[in-house]
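Step one of this worksheet: look at the structure below.
Taken together, the values in this text are just the output of simple stated rules run on the coordinates, not laboratory data. As the structure is a computational prediction, the values presented were derived from the model and not from experiment. Methodologically, a virtual Cβ is constructed for each residue, glycine included, from the backbone with ideal geometry; neighbour enumeration extends over all protein chains shown.
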Amino acid sequence: YTQEEINAAVDQAHQEGRPITTDAGEWTAQAVKAGVDCIEHGGNYSDELIQEILDKGIWVVPTLSPVVLQARKGHEWGMKQSVIDRRNKQLKESGRHEGLVRARKAGVKLAFGTDSGSPVVPHDAILPEMEALLEFGIFDCKEQVLQAATIRAAECLRIADKTGSLNVGKQADVVLLSGDLEADLKVIENVETVFVKGHLMVEHGQSILPDPRDFQTFANVGA
């Protein structure tokens, strides 16, 4: 796309009151110049571009999962060796990881995402991304990872007034886990109970079919 085309897309989205995000790539600088709200799959940026991202308040979602899981578990999913080799090569290149570390240390806002639905990245694969963010030094501690997956993600999606933290006045979105998450991130997979907007959806690790009268309530959650 030309700069003018990207500018037009961003302007149109903002005129409609919609945030706009972009896939990272060689056109990231153009998207940042146009004023996008978020960059998906963020990576290795120059200090100048990082400063512009920071100045404009643009969010970055690292999404390390596709590279990490395809490199390490591609065989289990029947991926072509050529793809696995390419992902392993990318995994060894430190530029993207170092760029994300520099961005975070500069103050760029990072939110959690996995690029779920990509090959070898199931929608429920949360733990691998959390572990990768720590393994490659994107975050310094578990608390930062958990904040990125909760309140920071809600801020990025512009719904922090409704969810993302347990506060009076917010909708009761609650996940109860079996174990000490602060001690071990693997506990994130031990889901015992889930409430969505105050409605019980998972109990003892099993999904519960909601009352039909609640269907409209759930439909309105994202309205």
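General remarks:
- Selection among Leu146, Ala71, Ala31 by position relative to the dipole of the chain gives Ala71 as farthest towards the positive end (Cβ unit charges, Cα centre).
- Spatial offset of the stretch 26-83 relative to the stretch 135-178 amounts to 21 Å, using the alpha carbon center of each.
- Distance between the 7 Å Cα→Cβ label points at Glu48 and Val202: 4.6 nm.
- Mean separation of Cα contacts under 8 Å, 6 or more apart, over the residue count of the chain: relative contact order %: 13 percent
- Using R0 = 30 Å, the C-beta based FRET efficiency linking Asn190 and Gln90 works out to 0.45.
- With R₀ fixed at 30 Å, the C-beta to C-beta distance from Glu16 to Ser116 puts the FRET efficiency at about 0.70.
- Listed peptides 1-10, 188-197, 128-137 by packing density, highest first (mean Cβ within 10 Å): 128-137, 188-197, 1-10
- Beyond 31 Å in Cα-Cα separation lie the following of the pairs Lys56/Lys162; Lys80/Lys105; Lys80/Lys109; Lys109/Lys186; Lys33/Lys73; Lys73/Lys162: Lys80/Lys105; Lys80/Lys109; Lys33/Lys73; Lys73/Lys162.
- Checking (1) 16.1, 47; (2) 18.9, 53; (3) 17.4, 54 against Rg and Dmax of the Cα atoms in Å calculated from these atoms, the matching label is (2).
- If R0 is 25 Å, the Cβ-Cβ spacing of Lys73 and Ala172 corresponds to a FRET efficiency of close to 0.10.
- Size of electric dipole in the stretch 33-127: Cβ of Lys, Arg +1 and of Asp, Glu -1, about Cα centre, debye, nearest 20: 300 debye
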